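Take a look at the structure set out below.
No value in this document is a laboratory result; all are computed from the given coordinates. Here the structure is a predicted model, which means the values were calculated and not measured. Using ideal geometry, Cβ is built from the backbone for each residue, glycine included, and neighbour counts are taken over all protein chains shown.
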Amino acid sequence: MKRFFSYYRPYKKLFVLDFSCAVIAALLELAFPVVVNHVIDEIMPQKNWGLIVTVSIALFGFYIINTLLQYVVVYFGHKLGVNIETDMRRELYDHLQSQSFEYYDNQKTGKLISRLTTDLFEISEVAHHGPEDVFITVMTLVGAFMLMYNTHPTLAIATSILVPFITVALVFFNKRMTKVNTRIYENLGEFNAGIEASVSGIRVTQSFANEPFEKKRFEGLNQLYRKSKLAFYKTMALSSSYNYLLIRLISLFALIFGAYFTINDEISYGSFVGFILLSNIFVRPIEKVNTMIESYPKGIAGFKRFTEELDKEPAIKDKDGAVELSGVHGDIRYEHVSFAYEDGTQVLDDLSLEIAKGETVAFVGPSGAGKTTISNLLPRFYEVDSGRITIDGVNIQDVTLQSLRHHIGIVQQDVFLFPGTIRENVLYGRLDATEEEVLTAIELAHLGQVIDDMPEGLDTMIGERGVKLSGGQKQRVAIARMFLKNPPILILDEATSALDTETESVIQESLGSLAKGRTTLIIAHRLATIKQATRIVVIDEQGIVEQGTHDELMAKQGAYKHLYDAQFRE
């Protein structure tokens with residue numbers, strides 16, 4: 001609770017406004033039966049029509065005031081809830097941004113989207129209504145009971161005797177529905193993950209004609225979510241029905257016992273009418289409990305999942321006293337580096353390697369030998385288990401992640417482009433770049449002709465993940481983006497392996513221009529593309545087995561020559 005209410009701090013004034021108006025409105029509601037009692041017992045016997053009209057006008061004024069108070073409660077109260085929901089979503093997004101690659105290796109995109117959206121929807125309602133509903137419910141119950149007790153103690157006790165049974169039911173059903181809602185959110189996460197995968201992979205589905213399979217899988221997810229929702233509504237129906245019966249019994253008790261005491265002249269007719277009105281006000285907050293028991297467990301379950309996610313500490317973060325990395329030359333050293341994935345798979349064991357400023361080093365070897373891992377450890381996408389990596393003699397764990405990654409550029413085989421225009425995707429390399437700098441980067445990436453052929457040039461929409469561009473065009477956009485970033489260290493992770501020979505030669509020319517004057521690490525699949533590398537490092541499961549230039553390694557008749565001959569064998 002303390003953690004939940006901490007989100008109210010920035011909006012104290014808004015909370016006080018909403019809460020105060022809600023309390024005043026509830027108090028004015030309590031005043032109405034008292035006035036009616038007074039009118040019937042004291043004013044009507046006087047037969048003073050003018051006084052009755054005056055009292056009615058005064059009541060109308062109360063209603064006008066209450067109407068304005070209701071507007072404040074509904075609008076500004078929901079504004080408070082939405083503000084808190086927005087802050088929570090921002091905090092969760094920032095948290096997700098700080099997580100390592102290893103975290104995302106074990107997550108489903110749809111589940112994370114569900115946590116950012118659906119999980120937080122109901123929290124807004126709880127943040128708005130929660131404190132005021134609980135306070136007003138208690139206040140109205142106590143206030144109405146006191147007024148009823150003041151009218152006739154025995155009648156008040158007889159009318160309210162069922163309240164403890166309602167309270168027990170509230171506690172029981174609330175716990176039960178919170179558990180059901182937690183399961184609903186989990187199933188919704190799976191549901192969203194399944195939809196995200198199906199929609200993203202629609203081209204693969206259609207190319208294999210597997211639509212029936214995907215429909216069957218979707219139906220399974222759909223039914224799982226449906227059953228969870230039905231379990232929730234079944235519990236809600238039991239709660240609502242139980243409370244409905246008890247609430248109507250309260251009203252019935254008020255009518256029967258009130259009539260009995262009125263007939264026996266223990267209370268006046270005005271007191272009896274006022275008591276009936278008070279009993280209606282008395283049961284109103286209890287009726288509201290049915291609404292609370294529907295939405296509050298959703299909010300509580302969502303907040304629990306929200307805090308569970310926030311409590312997952314990022315595996316990789318800035319250490320205390322981390323400094324900004326600046327003035328990078330590009331000397332890189334791997335010193336006795338070992339690394340294993342979370343499942344225990346050992347990838348690197350005591351690897352040591354030096355890469356000089358401006359050197360182009362290509363890594364080759366069989367799949368799974370650790371080539372990509374070596375490059376991923378440099379920007380700290382993963383953390384070394386032992387040993388250390390330095391840039392210009394500075395341990396990368398001693399500098400801020402932001403400054404480290406600012407000095408490293410990565411071009412991958414699977415280029416990710418954001419929905420939007422070519423201009424927006426190129427500008428992602430440096431968001432404050434000028435138009436002239438953007439055009440220069442485009443020319444250096446040999447992207448100019450491609451853009452000239454586009455219907456809207458730089459402002460052409462490229463679709464989801466750049467679907468309207470060819471593989472080569474996407475690569476050139478990625479290279480232009482990197483020219484704009486202009487980092488001193490460059491990582492090329494099989495950047496041309498998926499391209500045809502003609503396109504590859506154009507891209508290689510662009511990459512060659514990009515690599516000039518930079519320390520470059522190349523993860524190579526096609527050995528023909530790395531002949532001009534300063535050094536080629538051959539890696540297998542045992543680590544580095546040999547290194548040298550293309551000619552030196554071919555002359556050694558070793559592992560590299562074996563790989564080369566296998567790739568170019570007719």
Taking N as the residue count of region 2-310, its alpha carbon Rg divided by 2.2 N^0.38 Å gives 1.32
Using 1/(1 + (r/R0)^6) with R0 = 51 angstrom and r between the beta carbons of residue 280 and residue 195, what's the FRET efficiency to the nearest 0.05? 0.65
In what order do 56, 160 fall by count of nearby beta-carbon atoms within 10 Å, going from fewest to most? 56, 160
What is the distance, in nm, between label points placed 7 Å from the Cα along the Cα-to-Cβ direction at residue 31 and at residue 323? 6.9 nm
Once both label points are put 7 Å beyond Cα along the C-beta direction, the residue 567-residue 20 separation in nm becomes 7.5 nm
Hey, what number do you get for the chain at 222 nm if only DSSP H runs of n ≥ 4 count, each worth -39500 (n - 2.57), divided across all residues, to the nearest 500? -21000 deg cm²/dmol
Residue span residue 424 to residue 150: 0.36 nm per residue of separation minus Cα-Cα distance leaves a gain in nm of 91.5 nm
Where Rh is the Kirkwood radius over Cα pairs, Rg/Rh for the chain: 1.18
On a 0 to 90 degree scale, rounded to 10, what angle separates helix 163-200 from the longest Cα axis of the chain? 30 degrees
List the pairs from 79/229; 531/556; 13/79 whose alpha-carbon separation is above 18 Å, in the order I gave them. 79/229
Which FRET efficiency value, to the nearest 0.05, do you get for residue 54 and residue 249 by plugging their Cβ-Cβ distance into 1/(1 + (r/R0)^6) with R0 = 35 Å? 0.35
So for 505, 279, fewest C-beta neighbours within 10 Å to most, what's the order? 505, 279
For region 1-88, just say rounded, prolate or oblate: build the C-alpha gyration tensor, square-root its eigenvalues into a ≥ b ≥ c, call rounded for a/c under 1.5, and beyond that prolate if a/b exceeds b/c, oblate if not. prolate
Mind listing which GluC sites (Glu not before Pro) in region 304-384 are in a DSSP loop and have 13 or fewer other Cβ atoms within 10 Å? 324, 342
Extending each Cα 7 Å along its Cβ direction at residue 465 and residue 65, get the distance between those two points in nm, one decimal. 6.2 nm
Measure nothing fancy, just the Cα-based angle from helix 559-568's long axis to the longest principal axis of the chain, in degrees from 0 to 90, nearest 10. 90 degrees
Please get the size of the charge dipole for the chain, origin at its Cα centre, with Cβ charges of +1 on Lys and Arg and -1 on Asp and Glu, quoted in debye to the nearest 20. 1980 debye
Stretchable slack from residue 75 to residue 42, in nm (0.36 nm times residue separation minus alpha-carbon distance): 7.9 nm
1/(1 + (r/R0)^6) with r = Cβ-Cβ of residue 222 and residue 313, R0 = 30 Å, i.e. FRET efficiency to nearest 0.05, evaluates to 0.30
Difference of contour (0.36 nm per residue) and Cα-Cα distance, residue 167 to residue 117: 14.8 nm
Against the longest principal axis of the chain, how steep is helix 12-38, in degrees 0 to 90 to the nearest 10, with axes from Cα atoms? 20 degrees
